[in-house]
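Below: one structure, written as structure tokens.
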Amino acid sequence: MHLITSNSGRDAAERELDAARTELASLDATASPSRLERALERLRAAQDALAPAA
């Protein structure tokens with residue numbers, strides 16, 4: 001697992017989280033289940049990248 005140790009790494013992770021949220025919010029009722037699943041996986045990965053190490 002890669003730990004984010006620099007501000008630029010954290011900034012990149014926060015940008016990815018924002019992008020993932022935007023992508024998910026842009027999907028409508030006609031989005032395929034696989035597209036929705038990919039967007040949710042991207043969101044979870046971005047959240048995990050920002051979560052403090054346990």
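Taking the chain only, how many residues are β-branched (Val, Ile, Thr) and at pLDDT below 90?
First, pick out the residues of the chain that are β-branched (Val, Ile, Thr): 4-5, 22, 30.
After this cut, where a residue has to be at pLDDT below 90 as well, the list is 4-5.
Residues meeting the conditions: 2.
Collect the residues in the range 20-35 that are without any contact (Cβ under 8 Å) to a residue 12 or more places away in the chain and assigned to a helix (DSSP H, G or I), keeping them in residue-number order. Break it down stepwise before answering.
Pass one, the range 20-35, residues without any contact (Cβ under 8 Å) to a residue 12 or more places away in the chain: 22, 25-26, 28-35.
Within the range 20-35, THR22, ALA25, SER26, PRO33, SER34, ARG35 qualify.
The values are calculated or read from the model by the stated rules, or taken from the named source; none is laboratory data. No experiment lies behind these values; they were computed from the predicted model shown. Neighbour counts run over all protein chains shown; Cβ positions are idealised from the backbone, glycine included.
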